[in-house]
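Report on one structure; see the data block that follows.
The values are calculated or read from the model by the stated rules, or taken from the named source; none is laboratory data. Please read all numbers here as calculations on a predicted model, not as lab measurements. Note that each Cβ is placed from the backbone with ideal geometry, even for glycine, and that neighbours are counted across all protein chains shown.
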Amino acid sequence: MHKTKKLFEPMKYIIQPAFVGIIVAILMILVFPNSIRQNVSKDSVDALVEDNISHQLANKISFSDAVSAAAPSVVNIYTLKDEKNNYLKTSLGSGVIMSSDGIIVTNFHVIKNAVQIKILLHDGRESPAEIIDWDREIDLAILKVNLDDLKPISLGNPDSAKVGDIVLAIGNPKGIGQAVTQGIISAVGINGLRLNSLENFIQTDAAINEGSSGGALIDIYGNLLGINTLSLNGNGASGIGFAIPADEVKKVTSDIIKYGRVIRGWLGIGADMMLLTKKKSDEIGYNRVFVISEVVKSSPAANSGLRIGDIILTIDNTPILDPEQSIKQITDIKPGQPVLLKILRTDEIEEVTVLAGDRALKI
């Protein structure tokens with residue numbers, strides 16, 4: 001009996017502390033639950049990062065490859081401008097190399113009134129540049145330099161770009177040299193700003209500062225999505241920048257090189273958008289329409305018999321969405337191609353075919 005008691009006597013020194021420890025642990029959980037959860041959560045996350053995320057994957061959270069691919073195609077532009085009273089003013093901007101034979105695209109406002117233009121390449125080379133032509137309607141200009149070993153930028157597909165996609169803006173902000181900013185696509189198809197005659201902007205919150213105009217907006221692979229053109233700063237506006245889509249840039253560049261001007265369709269009408277009443281909309285099946293307010297004499301519209309007061313319901317079977325999109329739909333048509341308009345005239349729906357004219361040669 002005494003031997004059994006002596007055998008279990010040392011166990012109390014083990015069991016009692018263990019029991020006390022369990023009681024203390026339970027009290028800690030009841031009194032400080034958040035602290036315990038936070039510690040467990042942090043430990044779990046640290047373990048996950050350490051054990052499951054490789055250094056190779058961590059290194060991929062970088063856009064250095066995209067910048068390395070696109071940066072050599074972006075140039076700094078320095079101009080000497082002829083202002084009023086024969087005053088010469090220096091100005092700066094950015095540009096993008098479009099072809100290996102020296103074609104560079106920038107904004108028209110960057111080179112407007114310039115008497116001298118110099119470009120600085122990513123590799124440090126400098127060269128004078130000549131103006132080939134410009135397109136005021138969307139604020140683009142085409143320059144030419146005579147240099148070897150130029151790297152043209154890779155073109156992306158703006159049509160596939162989605163709101164929320166990460167983008168990078170490369171330019172020459174404030175003349176400090178080439179720099180990169182990062183953001184997302186905030187919106188697409190932006191128009192109605194009344195800054196250009198034709199507007200179809202990509203909106204981004206990537207910083208576009210003075211001097212970055214004419215630079216590149218690229219995707220995470222280094223492909224050109226657009227030419228940075230302006231930003232809305234001040235008056236409470238922040239993180240609102242705009243770029244001209246790369247496909248429009250390509251068309252303007254190609255047209256100017258091939259034809260010496262930009263080719264766009266033109267009908268020769270002025271029109272105001274109107275929302276129909278629900279009763280009228282239910283009756284004819286259309287909600288938004290254009291009411292023709294002007295027909296230019298001897299224009300394609302006049303030659304087709306269109307009149308002031310005619311109501312346009314569709315353009316090539318596409319219902320009216322908004323003025324800017326309809327204008328773009330017409331300008332995208334090549335001169336000489338037919339445009340089918342469904343119109344409402346004196347309560348009768350008719351179809352009129354108009355042969356598009358050349359916007360550059362409009363009367």
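Is it true that residue 62 is part of a loop (DSSP other than H, G, I, E, B), at pLDDT 80 or above and either of a type in the set (A, V, I, L, M) or not assigned by TED's automatic domain parsing to the domain that holds residue 134 (or both)?
On the way: part of a loop (DSSP other than H, G, I, E, B): yes; at pLDDT 80 or above: yes; either of a type in the set (A, V, I, L, M) or not assigned by TED's automatic domain parsing to the domain that holds residue 134 (or both): yes.
When the stated conditions are applied, residue 62 passes them.
Among the residues of the range 296-310, count how many are surrounded by fewer than 21 Cβ atoms within 10 Å (Cβ to Cβ), in contact with a strand residue (DSSP E or B) (Cβ under 6 Å, 6 or more places away or on another chain) and under 12 Å from residue 344 (Cα atoms).
Of all residues in the range 296-310, those surrounded by fewer than 21 Cβ atoms within 10 Å (Cβ to Cβ) come to 296-299, 302-305, 307-309.
Of the ones still in play, those that are also in contact with a strand residue (DSSP E or B) (Cβ under 6 Å, 6 or more places away or on another chain) are 302, 304, 308.
With under 12 Å from residue 344 (Cα atoms) added as a condition, the list becomes 308.
Residues that pass the stated criteria total 1.
Which is surrounded by 23 or more Cβ atoms within 10 Å (Cβ to Cβ), more than 24 Å from residue 64 (Cβ to Cβ) and at pLDDT 95 or above, of 218, 244?
After applying the criteria, what remains is 244.
Taking the residues in the range 191-208 that are touching a Gly at 6+ places or on another chain (Cβ under 8 Å) and charged (D, E, K, R) as candidates, determine which candidate is modelled with the highest pLDDT. Filtering the range 191-208 for residues that are touching a Gly at 6+ places or on another chain (Cβ under 8 Å) and charged (D, E, K, R), the one modelled with the highest pLDDT comes out as 205. The single condition among (1) assigned to a helix (DSSP H, G or I); (2) over 15 Å from residue 147 (Cβ atoms) that residue 72 does not meet is (2).
In the set 145, 105, which member is at pLDDT 95 or above, closer than 14 Å to residue 75 by Cα and in contact with a Pro (Cβ under 8 Å, 6 or more places away or on another chain)? It is 145.
Please report, ordered by residue number, the strands (runs of 3 or more DSSP E) entirely within the range 117-176 with at least 2 residues that are charged (D, E, K, R).
Numbers: elements: 126-128, 130-135, 140-144, 166-171.
Result: 130-135.
Only one residue in 190, 218 is in contact with a strand residue (DSSP E or B) (Cβ under 6 Å, 6 or more places away or on another chain), among the aliphatic types (A, V, I, L, M) and closer than 23 Å to residue 73 by Cβ, so which one is that?
Values: 190 fails: closer than 23 Å to residue 73 by Cβ.
None of the other options fit; the residue is 218.
Answer with yes or no whether residue 127 is over 25 Å from residue 61 (Cβ atoms) and among the hydroxyl-bearing types (Ser, Thr, Tyr). Steps first, please.
Details: over 25 Å from residue 61 (Cβ atoms): yes; among the hydroxyl-bearing types (Ser, Thr, Tyr): yes.
Against the criterion (over 25 Å from residue 61 (Cβ atoms) and among the hydroxyl-bearing types (Ser, Thr, Tyr)), residue 127 qualifies.
For residue 335, only one of the following conditions fails: (1) touching a residue at least 60 places away in the same chain (Cβ under 8 Å); (2) touching a strand residue (DSSP E or B) at 6+ places or on another chain (Cβ under 6 Å); (3) surrounded by fewer than 14 Cβ atoms within 10 Å (Cβ to Cβ). What is its number? For residue 335, the exception is condition (3).
So that you can scan it fast, the table gives a plain yes or no per residue for (1) within 16 Å of residue 359 (Cα to Cα); (2) touching a helix residue (DSSP H, G or I) at 6+ places or on another chain (Cβ under 7 Å); (3) not in a helix (DSSP H, G or I); (4) not assigned by TED's automatic domain parsing to the domain that holds residue 355:
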| site | (1), (2), (3), (4) |
| --- | --- |
| 220 | no, yes, yes, yes |
| 226 | no, yes, yes, yes |
| 230 | no, no, yes, yes |
| 255 | yes, no, no, yes |
| 271 | no, no, yes, no |
| 281 | no, no, no, no |
| 289 | no, no, yes, no |
| 292 | no, no, yes, no |
